[in-house]
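Before any comments, here is the structure.
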Amino acid sequence: MKTGRIVKLLSGVYQVDVEGSYYDTKPRGLFRKKKFSPLVGDVVDFEVENVSEGYIQHVHDRKNELKRPPVSNIDQLIIVMSAVEPQFSTQLLNRYLVIAHSYALQPSILVTKCDLLSDAEKKALNALLDIYREMDYLVQSIGQDDDYQAMCDDWSDGLVVLSGQSGVGKSTILNHLYPELDIETQHISKSLNRGRHTTRHTELFKRDAGYIADTPGFSALDFDHISKDMLKHYFLEIDEFGEQCKFRDCNHMNEPKCRVKAAVENGEIAQSRYDDYVQLYQELANRKEKY
């Protein structure tokens, strides 16, 4: 029996890394009976059938997992946004952060293509990013000719996941770090303002301190597991000021003596963050009414 980490799933075959040796494995039938599927990132025990193949017998407990993209045991989720093409959006960033916190993940923010901005645009973008720096998020920005390896030195040890919509430059980052991969990248569709999907499966690549994951880009975010009453806990500053509201079940909408709304009015909470909270809260409230 050997123990390793699943680094790739392709056509029902799970590739497992055991200290630099790779095995193509398949799960035993008992997983199908339990309706349980291993994920990329899982630590597994498997029985070796021949030199490079085997059958997965056991999946170790996960410390966390993402549904989309499907990956487990994440130490840091890096939300990759582009400065342009597609255009930077605080609303989209806030939604990624909500999903990260809902799965108890440690998110950070990386903005690519900053070399395509004018000085005035860089200043405006930095002002937006200061909102997140003040909340102690790791915020990084990079251009095509910057030092990608130095950027990685600030990342956590273990499994780091790059996540973001198509076209923001996740594959470009990996091509800088691993030139031998020569991962396909594509230009942005001008009509849609987003990239075409170039990464079609989740795959882990070795790095000095663990692994880095490339994941398929996606334009739709899944909030099915989040209730409107839980949403406030996934906006960190709203959750913090919410402790001081008069009513414990305050959702910071129209309730009296709401400390969060007061914090928005006096500038302690950014108006853009609160506006995005309200919009998402209303979407979740309306969704529940349909069922």
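Taking 25 Å as the limit for the C-alpha separation, the pairs LYS26/LYS63; LYS63/LYS246; LYS2/LYS33 exceed it in the case of LYS63/LYS246.
For the stretch 1-95, the list of GluC sites (Glu not before Pro) that fall in a loop by DSSP and count at most 14 other C-beta atoms within 10 angstrom reads GLU19, GLU49.
Each part gets one Cα centre, and for the stretch 119-141 versus the stretch 1-56 those centres are 41 Å apart.
The residues of the chain expose on average 52 square angstrom of accessible surface per residue, using a 1.4 Å probe on protein heavy atoms.
Using the Cβ-Cβ distance between ASP61 and ASP229 with R0 = 25 Å, the FRET efficiency computed as 1/(1 + (r/R0)^6) comes to roughly 0.30.
Which angle from 0 to 90°, rounded to the nearest 10, does the C-alpha axis of helix 271-290 make with the longest principal axis of the chain? Long axis of 271-290 versus the principal axis of the chain: about 70 degrees.
When the listed pairs LYS232/LYS261; LYS67/LYS206; LYS113/LYS170; LYS8/LYS206; LYS232/LYS257 are checked against a 20 Å cut-off, the alpha-carbon distance exceeds it for LYS67/LYS206.
Using the Cβ-Cβ distance between SER89 and LYS33 with R0 set to 51 Å, the FRET efficiency works out to roughly 0.70. The label-point distance for VAL13 and LYS123, in a model that sets each label 7 Å from Cα toward Cβ, rounds to 5.6 nm. Expressed as an acute angle from 0 to 90° and rounded to the nearest 10, what is the orientation of the C-alpha long axis of helix 119-133 relative to the principal long axis of the chain? With both axes taken from Cα atoms, the answer is about 80 degrees. Think of it as helices only: each DSSP H run of n ≥ 4 in the chain is worth -39500 (n - 2.57), and spread over all residues that comes to -8000 deg cm²/dmol at 222 nm.
Using the average count of surrounding beta-carbon atoms within 10 Å as a protection proxy, the listed peptides 233-246, 96-109, 143-156 rank, highest first, as 96-109, 233-246, 143-156. In plain terms, the chain from GLN106 to MET1 could stretch by 34.5 nm, reckoned as 0.36 nm per residue minus the Cα-Cα distance.
Computed with every protein chain present, the accessible area of MET253 is close to 30 Å² [probe 1.4 Å]. In whole percent, how big is the carbon plus sulfur part of the accessible area of the chain, probe 1.4 Å, protein atoms only? Reported share for carbon and sulfur atoms: 46 percent.
Please give the length that would be gained between VAL278 and ASP146 if that part of the chain were fully extended, namely 0.36 nm times their separation in residues minus their C-alpha to C-alpha distance (nm, one decimal).
43.8 nm
The values are calculated or read from the model by the stated rules, or taken from the named source; none is laboratory data. Since the structure is predicted, the reported quantities are computational estimates derived from the model, not experimental observations. Don't worry about glycine lacking a Cβ; one is built from the backbone with ideal geometry, like all the others, and counts go over all protein chains shown. These area figures cover heavy atoms from the full protein model, side chains too; ligands, DNA and RNA do not enter into them. Shrake-Rupley method; radii C 1.70, N 1.55, O 1.52, S 1.80 Å.
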